[in-house]
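The values are calculated or read from the model by the stated rules, or taken from the named source; none is laboratory data. Note that this is a predicted model, so its numbers are computed, not measured. Backbone-built Cβ (ideal geometry, glycine too); neighbour counts: all protein chains shown. Only protein heavy atoms, including side chains, enter the accessible area calculation; ligands, DNA and RNA are left aside. Shrake-Rupley method; radii C 1.70, N 1.55, O 1.52, S 1.80 Å.
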Amino acid sequence: MSFEDDLRITLRDRASETMPPADLLTETNQGVRRDQRRRRWLATGVAVVAAGAILAVPLVIRGDGGLSPRLPVAPGPSLPDVAGLGPWEPMVTFDLRPGWVPEGVGPATLELMGPNQVLRYEKDTQMLAAEFGPLEPEWEVEATAESSTTIGDRPAIVHTADDYDSAAPGHRYVAVRWRTAEDKWVQVTSVGPYSEEEVLRFARELGSEPGVVPPVPSTFRFAEQMAGMAPQYVDPTMVCQVPQEMSGKQRQPEGLCVYVLEEEFAPGPHGERLLIGGRPAYLYLDGGIFDIDLGGARTLRIEWDQQTIPLGRERILRFAAGITYRG
């Protein structure tokens, strides 16, 4: 089961409860950690969408015309209602330039996982990725064999498996992890047709040329970056921010997250219905959920934990109104 499946099931279960949900991303961390990377190359269906619409949401907010009564917003703390730090377009870089890439890899994407950078090549069910940063990565597949090697002059561990869930014929798992002289982790992971020798060559030639991989913009653009927040997780389908004191501590998505679900817009029973730029929207402030109907069985979701990131109604409305989705 993928991360999005875990999250969707949790949300559906909680939608019928009278009490507001806790930190849903925290509750699904077990599923996230189990399938965080496998969700791309093992999933038979896609829950998060990165294509199909452009959403530029202007600040046009009004009541729902009697579709449902507006529930009172519970009083509580909120972040300062400040204008933020100006327009923000998440950009990710990768500081190790690959000197050699095997033939047949898919297009490159860049991701931010906490303080770690990820370079990923994907095509169909195959994937080749390199992760670099101060936090130790995770093995994606349970290895059936482990061995030692060297990358440059650094000792490295190699994990391999001849089979894994949904593996295509002839595909295998190969991963190698080592620590640099600067005390940062590097891990190369392959699920696909590549041999151990090819994966190790890719790993050994990382950083063999000067320069960095050009930055790749996110599919989301924001009219403002909230003051006191720092990027936590960025990939082609999701952007998360956390309070600055929380940044750099873990690799998983958490905090104030924006993503798109391939699901029909379905307001829950406990929040407030709105129109955002003429689009139906649903705000459940206590539960930290804000959905906007993109049409075509797609929903833009903003999700956060009110205990960790307390946001007032006007603050989250202004944030939502400044989102542009370029899928």
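The set of residues from region 121-155 being closer than 26 Å to GLU245 by Cβ and assigned to a strand (DSSP E or B) comprises GLU131, PHE132, GLY133.
Please find, within region 269-293, the residue that is farthest from the chain's Cα centre (by Cα) out of those that are small (Gly, Ala, Ser) and surrounded by fewer than 19 Cβ atoms within 10 Å (Cβ to Cβ).
Filtering first and then ranking leaves GLY278.
Kindly check whether there is at least one residue in region 157-169 that is among the polar types (S, T, N, Q), out of contact with any Asp or Glu (no Cβ under 6 Å at 6 or more places or on another chain) and modelled with pLDDT under 95. Within region 157-169, one or more residues are among the polar types (S, T, N, Q), out of contact with any Asp or Glu (no Cβ under 6 Å at 6 or more places or on another chain) and modelled with pLDDT under 95. When the residues of region 124-146 are filtered to those that are open to solvent by 40 Å² or more (accessible area, probe 1.4 Å) and in contact with a helix residue (DSSP H, G or I) (Cβ under 9 Å, 6 or more places away or on another chain), the one that is farthest from LYS249 (Cα to Cα) is ASP124.
Residue count for region 181-197 under the criterion of being in contact (Cβ under 8 Å) with a residue 60 or more places away in the chain and buried (at least 18 other Cβ atoms within 10 Å of the Cβ): the result is 7. Return only the number of the condition from (1) surrounded by fewer than 22 Cβ atoms within 10 Å (Cβ to Cβ); (2) in contact with a strand residue (DSSP E or B) (Cβ under 8 Å, 6 or more places away or on another chain); (3) without any contact (Cβ under 8 Å) to a residue 40 or more places away in the chain that ARG313 does not satisfy. It is condition (3) that ARG313 fails. Figure legend. Inter-residue proximity from region 280-304: first residues without any contact (Cβ under 8 Å) to a residue 60 or more places away in the chain and within 13 Å of VAL258 (Cβ to Cβ), second residues part of a strand (DSSP E or B) and of a type in the set (Ser, Thr, Tyr), beta-carbon distance below 6 Å, spacing 6+ or different chains. Indicated pairs: ASP291/TYR282; ASP291/THR299; ARG301/TYR259.
GLY296 fails exactly one of the following numbered conditions: (1) within 25 Å of PRO107 (Cβ to Cβ); (2) open to solvent by less than 20 Å² (accessible area, probe 1.4 Å). What is the number of that condition? With respect to (1) within 25 Å of PRO107 (Cβ to Cβ); (2) open to solvent by less than 20 Å² (accessible area, probe 1.4 Å), GLY296 is out only on (2).
Annotation note: of VAL158, VAL234, the sole residue that is among the β-branched types (Val, Ile, Thr), assigned to a strand (DSSP E or B), closer than 30 Å to THR299 by Cβ and touching a residue at least 12 places away in the same chain (Cβ under 8 Å) is VAL234.
Yes/no matrix, rows are residues, columns are (1) hydroxyl-bearing (Ser, Thr, Tyr); (2) touching an Asp or Glu at 6+ places or on another chain (Cβ under 8 Å):
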{"position": "VAL186", "(1), (2)": "no, yes"}
{"position": "THR189", "(1), (2)": "yes, yes"}
{"position": "VAL199", "(1), (2)": "no, no"}
{"position": "PRO217", "(1), (2)": "no, yes"}
{"position": "PHE222", "(1), (2)": "no, yes"}
{"position": "GLN225", "(1), (2)": "no, no"}
{"position": "VAL239", "(1), (2)": "no, no"}
{"position": "GLU245", "(1), (2)": "no, no"}
{"position": "LYS249", "(1), (2)": "no, no"}
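Can GLU245 be described as farther than 20 Å from GLY86 by Cα, free of Cβ contacts under 8 Å to residues at least 24 places away in the same chain, open to solvent by 10 Å² or more (accessible area, probe 1.4 Å) and charged (D, E, K, R)? It is true that GLU245 is farther than 20 Å from GLY86 by Cα, free of Cβ contacts under 8 Å to residues at least 24 places away in the same chain, open to solvent by 10 Å² or more (accessible area, probe 1.4 Å) and charged (D, E, K, R). Residue count for region 165-180 satisfying the condition of being surrounded by fewer than 18 Cβ atoms within 10 Å (Cβ to Cβ), out of contact with any Leu (no Cβ under 8 Å at 6 or more places or on another chain), in contact (Cβ under 8 Å) with a residue 12 or more places away in the chain and over 15 Å from GLU136 (Cα atoms): 2.
Within the option set VAL118, VAL92, being at pLDDT 95 or above and not in a loop (DSSP other than H, G, I, E, B) holds for one residue only, VAL118.
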